[in-house]
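Below is one structure, written out as structure tokens; comments come after it.
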Amino acid sequence: MNTNKYCLTCNKILTGRKDKKFCDSYCRTHYHNTKNRQSIDYIKNINSILRKNRNILAELNPVNNIVVTKQSLVAKGFNFKYSTNIYVTKKNNIYKLCYDQGYRDIDNDKYLLVKQNMTVYKS
């Protein structure tokens with residue numbers, strides 16, 4: 001009966017501790033990177049969409065409070081499914097934000113673009 005344990009990455013025979021799963025740190029890192037690649041790629045894709053949305057809003061809104069059409073946002077590749085935050089004002093106006101850049105549907109496929117006032121707190 002074979003009682004040898006093998007590395008989960010390269011299948012070398014393991015020596016040392018009984019609970020050892022990898023022969024070295026390279027194999028351990030490679031195993032976990034491979035195992036998590038799908039979720040990492042998914043997160044990278046969403047972050048890429050969010051960065052693109054933010055850059056489009058910033059490009060179309062250089063001074064603040066600009067009204068644009070939905071068509072102008074879509075033409076630049078804006079994806080309305082993704083935002084980082086939702087802000088609701090006291091008047092119940094709903095703004096969707098992509099980091100510091102935001103937009104609000106005002107009517108007839110027109111959007112008000114805004115830049116969120118970012119306050120940095122130092123401790």
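Have a look at Thr9, Thr34 and point out the one that is assigned to a loop (DSSP other than H, G, I, E, B), out of contact with any strand residue (DSSP E or B) (no Cβ under 6 Å at 6 or more places or on another chain) and not aromatic (Phe, Trp, Tyr). Before the answer, list the steps.
Details: Thr34 fails: assigned to a loop (DSSP other than H, G, I, E, B).
Checking each option against the conditions leaves just Thr9.
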Problem set entry | Which listed residue, of Asn55, Asn85, is touching a Gly at 6+ places or on another chain (Cβ under 9 Å), surrounded by 11 or more Cβ atoms within 10 Å (Cβ to Cβ) and of a type outside the set (Ser, Thr, Tyr) | Asn85
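Kindly evaluate Lys91 against the criterion of being at pLDDT 95 or above and loosely packed, with under 10 Cβ neighbours inside 10 Å. If you could, list the steps in order and put the result at the bottom.
On the way: at pLDDT 95 or above: no; loosely packed, with under 10 Cβ neighbours inside 10 Å: yes.
When the stated conditions are applied, Lys91 does not pass them.
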Exercise. In region 94-103, what residues are surrounded by fewer than 17 Cβ atoms within 10 Å (Cβ to Cβ) and either in contact with an Asp or Glu (Cβ under 7 Å, 6 or more places away or on another chain) or farther than 19 Å from Ile46 by Cα (or both)?
Worked result: Ile94
For this session: Scan Asn64, Asn85, Asn45, Asn55 and give me the residue that is touching a Lys or Arg at 6+ places or on another chain (Cβ under 7 Å) and not basic (Lys, Arg).
Result: Asn64
Problem set entry | Arg17, sole failed condition from (1) in a loop (DSSP other than H, G, I, E, B); (2) under 23 Å from the mean Cα position of the chain (by Cα); (3) basic (Lys, Arg) | (2)
Problem set entry | Index of the failed condition, Lys70 passing every other in (1) at pLDDT 95 or above; (2) exposed (fewer than 11 other Cβ atoms within 10 Å of the Cβ) | (2)
Exercise. Pairs under 8 Å by beta carbon, first residue within 27 Å of Ser72 (Cα to Cα) in region 35-61, partner part of a helix (DSSP H, G or I) and modelled with pLDDT of 90 or more, six or more apart or different chains?
Worked result: Ile56/Leu73; Leu60/Ser72; Leu60/Leu73
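The values are calculated or read from the model by the stated rules, or taken from the named source; none is laboratory data. What you see is a predicted model, and the numbers here were worked out from it, not measured in a lab. All Cβ positions, glycine included, derive from the backbone under ideal geometry; neighbour counts span all protein chains shown.
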